[in-house]
Amino acid sequence: MPVASPDSVQGSIAVPAQNEGENSVADVEEDEDEGVAEATADENFEVSSSPLLKGKTGIEAIDTLPVNEWDIPTKRNSLKYAMLFSLLPGGGQYYTEHYVRGGFLTGIEGLLIYDVFFNRGYQRDRLLDRARPFQDSVLYFTSKLMNAPRDSVEFYHSKRLEFLDRVRAQSDKKMEQEDVRKAEVAWLIGVHLYGMFDTFGIWYNNNHRSTEYRDMKTALLWALLPGGGQIFNRDFGKAGLVYMGLLGAAASVSTSQNMVNYYLDRKHLIEKENPTSQEYDRIKERVTYYRKNRNTYIWGGVLIYLYSIADAAVDALLSDFDSPLHMALLPNLDGGAQAVMSLDF
């Protein structure tokens, strides 16, 4: 039998002849490997199509999905430094690398600080400067009225009332601006309080994020305290929003009621002097305006409180919603797909 040269066997593989019905060792090993692969595939399919563990589907791509969508993970995990930086407008958000949220807080607080401590003070000084000549005129005609002859009393009295009305008009504007300034101070404190709560919430979710189910009834009981339901659900940023809204609404109710009392005093005074004047009608309109404002803020505070209760219940109900088992679409060997869905009450 001739022997093939090395050149003639390049690029070819010699396969030994076998008798029919005989299996080589390689064929046996190949059949065993195929059997193991089929068994492994069946086991994997059973795990993936029939998940038994709560919160797991058996599909690694789904089970390893991140759950931190709002509070992005950060390497800055120092609670001490986070809360120290939160004393500055937006500082806690900058420290925890949430720059957009920090920018919003810095902008809002900056505008409120400018309006409260600079713009309102400037407007108040302008009103005082405008009222000073009218005050001098009132004093001048009052002195004239004390020593005027009878035929001039009516003239001096009318001039005195004219300038007195102008002084009162400037005083009304000053009181209204002071009302706005006090409300803005309360909202400024509320926004800053929200920033501190939000900073703590970022730190907490970065270190202790959990998707475990929380009891809805317990959350409702906690929610009877303003912000308590949000704290129970570990939504500290939302708790800050609740406190900000309630504080701002309460301050606005108080300042609006002060303006109602102020204009009611003015109304009673004008009723004694001249109840048919245009000033009397204007004062009545201002009383009605601030009463409406007061009632609006009262209803706003009530709605914020009711919202906090509903939000606490919903968040508790969906506390483990990140679990893929709440809605998982899985393949089926018989064709089509099967849906697995669960909801805890």
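The values are calculated or read from the model by the stated rules, or taken from the named source; none is laboratory data. Owing to the predicted nature of the structure, the values given are computational and were not obtained by experimental measurement. Here Cβ is always computed from backbone atoms with ideal geometry, including for glycine, and neighbour counts include all displayed protein chains. Just the protein is used for accessible areas: all its heavy atoms, side chains included, with ligands, DNA and RNA removed. Shrake-Rupley method; radii C 1.70, N 1.55, O 1.52, S 1.80 Å.
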Quiz item: Viscosity 0.692 mPa s, temperature 37 °C: Stokes-Einstein D of region 110-163 from its Kirkwood Cα radius, in µm² per second?
Solution: 248
Quiz item: Per residue, how many Å² of accessible area does region 75-225 show with a 1.4 Å probe?
Solution: 61
Practice problem: Specify whether the C-alpha gyration tensor of region 85-174 places it in the rounded, prolate or oblate class, a ≥ b ≥ c being the square roots of the eigenvalues: rounded for a/c under 1.5, otherwise prolate if a/b is larger than b/c and oblate if not. | Solution: prolate
Practice problem: Report in % the part of the accessible area of region 265-320 that belongs to carbon and sulfur, leaving out ligands and nucleic acids; probe 1.4 Å. | Solution: 58
Self-check item: Rounded D (µm²/s) - region 153-238, Kirkwood Rh over Cα pairs, Stokes-Einstein at 10 °C, 1.306 mPa s
Solution: 91
Exercise. Would you kindly calculate the mean projected area, averaged across all directions, of the convex hull enclosing the Cα atoms of region 79-229, in square nanometres?
Key: 14.4
Quiz item: At a Förster radius of 22 Å, what calculated FRET efficiency corresponds to the Cβ-Cβ distance of GLU97 and HIS208, to the nearest 0.05?
Solution: 0.75
Quiz item: Under a point spin-label approximation (7 Å from Cα along Cα-to-Cβ), what is the ASN119-GLN177 distance to one decimal in nm?
Solution: 1.2
Quiz item: Measuring from label point to label point, each 7 Å out along Cα→Cβ, what is the ALA250 to GLN135 span in nm?
Solution: 3.5
Exercise. Can you send over the solvent-accessible area of VAL185, 1.4 Å probe, protein chains only, in Å² to the nearest 10?
Key: 50
Self-check item: Which of GLU184, GLU271, GLU212, GLU154 is most accessible, then next, and so on - probe 1.4 Å
Solution: GLU154, GLU212, GLU271, GLU184
Quiz prompt | Estimated dipole of region 69-195 in Debye, rounded to 20 [Cβ of Lys and Arg +1, of Asp and Glu -1, Cα centre] | solution = 340
Quiz item: Between HIS157 and ILE298, how many nm apart are label points set 7 Å from Cα along the C-beta direction?
Solution: 4.1
Exercise. Be a star and scan region 84-118 for residues whose amide nitrogen sits under 19 Å from the point 7 Å along the Cα-to-Cβ vector of LYS75.
Key: 93-99
Quiz item: Which FRET efficiency value, to the nearest 0.05, do you get for THR288 and GLU60 by plugging their Cβ-Cβ distance into 1/(1 + (r/R0)^6) with R0 = 56 Å?
Solution: 0.25
